[in-house]
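This report concerns only the one structure given below.
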Amino acid sequence: MEAKTKDKKNRGILIATVVLGVLLILTVAFSIIFFYKRIKDARSILAMDKANTYDSYYVLITDNADSDFWQSVYEGAVEEAALHNAYVELLGTNLEETLSTQDLIRIALNSNVDGIIVEGDDNEEIVKLLLQENRDKKIPVVTVSDDNMDSKRISYIGVSSYNLGKEYGEQLTEYVKGNVDPADKCRVMVLMDDTFTLNSRSIILTAINESIEKDNLTDRIALSSQVVSSNKDYAAEEEIRSIFVGENSHSGPDVIICLSEKNTLCVYQTVVDYNKVGDVVIFGYYLSPTIKDAIDKDIISSSIVVDTNQMGKKSVEAMNEYEETGYVSEIYLIDADIATKENLDSFDVEGGGDGD
């Protein structure tokens, strides 16, 4: 009798698992079909109005489209596109189901868009898509924020990884020399998104280490790094929380360097939630309204300010130049500044433009 009951229970679990699996597959398939149709419909609608026909149709792809950082990049791209009679779509927004960067690239390739602007990533599947599936289509690709030369992109738009590491390194050494007892060891952790290419991670850490060695602080600074998930719901929050409240939290960092807006916000929120304000120095990235307010309140020490609006404009400018001439500069470097409490009023948020 017990065996029959157990057998029925197992069958029930199996049926429920199969049903849920089918529903998940159908949901993902529907989302992909929906986006494919959306792209095709957009082309049709635009073509119907002769007075408002666009010459080019580009898509911007990132796994963090809702962030202030990427919204500002998108706004810059749209502004520049208007000057060239082009249309730019931020692919993947307003969806209940989150699609991966790979899925979005596949949709763009199958829709034969005129250009793909994508956040650089050395994920093997992404590289394979851009190399193999795009071989015949030859859709131009521009990488933004982080580079991936293996993708055969026509151009990279972003901050120099070396310069970025150097900026953080100089901030770090200045802080240690002025605030840490020479007898103490300063524990420093660098947080990196998993979208960062291995090459970029290595260059950034090398530049930080060079600054440490230059100021003869090798014996006073213990530098470590941690890669944080960027494309899974709440994964980054959990991983960052464990740094401060996990089993190894007693040996947590004295200084934490964040290389993305998302990680900066996660660290800030965790420090506030767990009453760690003042226990850790935060060097952030980007200048959203929340980050600017945190700097003003002395919760975040400083933040690297990147002109994201210019980043978006340059990406479309590169696409347009390539379409017209068949050639384009391989790299467009974007300037970066440092926002502190002392100079905070000189910066606008969401793009880092000078407020003067």
Subset of the stretch 257-285 that is part of a helix (DSSP H, G or I) and among the charged types (D, E, K, R) - its residue that is farthest from residue 344 (Cα to Cα):
273
I'd like the full set of residues that are in contact with a helix residue (DSSP H, G or I) (Cβ under 6 Å, 6 or more places away or on another chain) and of a type in the set (Asp, Glu), limited to the stretch 123-142.
125, 133
In the stretch 323-345, anything over 25 Å from the mean Cα position of the chain (by Cα) and outside any loop (DSSP other than H, G, I, E, B) is listed as 323, 324, 325, 345
Selected residue [closer than 22 Å to residue 173 by Cα, at pLDDT below 95, assigned by TED's automatic domain parsing to the domain that holds residue 236 and not aliphatic (A, V, I, L, M)] from 288, 302, 260:
260
Qualifying position, being on the phi > 0 side of the Ramachandran plot and not acidic (Asp, Glu), among 275, 263, 309:
275
Taking into account only those residues within the stretch 97-118 that are modelled with pLDDT under 90 and either assigned to a loop (DSSP other than H, G, I, E, B) or hydroxyl-bearing (Ser, Thr, Tyr) (or both), which is surrounded by the most Cβ atoms within 10 Å (Cβ to Cβ)?
101
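For (1) out of contact with any Gly (no Cβ under 8 Å at 6 or more places or on another chain); (2) not hydroxyl-bearing (Ser, Thr, Tyr), each residue gets a yes or a no:
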| site | (1), (2) |
| --- | --- |
| 120 | no, yes |
| 129 | yes, yes |
| 139 | no, yes |
| 173 | yes, no |
| 194 | yes, yes |
Residue match in the stretch 156-179 (condition: free of Cβ contacts under 8 Å to residues at least 12 places away in the same chain, of a type in the set (D, E, K, R) and outside the structural domain of residue 284 (by TED's automatic domain parsing))
no
State yes or no: is residue 121 over 20 Å from the mean Cα position of the chain (by Cα) and either buried (at least 23 other Cβ atoms within 10 Å of the Cβ) or not polar (S, T, N, Q) (or both)?
no
Search the stretch 60-80 for residues being surrounded by 24 or more Cβ atoms within 10 Å (Cβ to Cβ) and among the aliphatic types (A, V, I, L, M), and hand back the single one that is farthest from the chain's Cα centre (by Cα).
77
Quick one: how many residues across the stretch 175-228 are modelled with pLDDT under 95, assigned to a loop (DSSP other than H, G, I, E, B) and surrounded by 15 or more Cβ atoms within 10 Å (Cβ to Cβ)?
5
Selected residue (criterion: nearest to residue 323 (Cα to Cα)) from residues of the stretch 128-155 that are surrounded by fewer than 14 Cβ atoms within 10 Å (Cβ to Cβ) and modelled with pLDDT of 85 or more
138
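The values are calculated or read from the model by the stated rules, or taken from the named source; none is laboratory data. Owing to the predicted nature of the structure, the values given are computational and were not obtained by experimental measurement. Please note: Cβ atoms are built from the backbone with ideal geometry, for glycine as well, and neighbour counts cover all protein chains shown.
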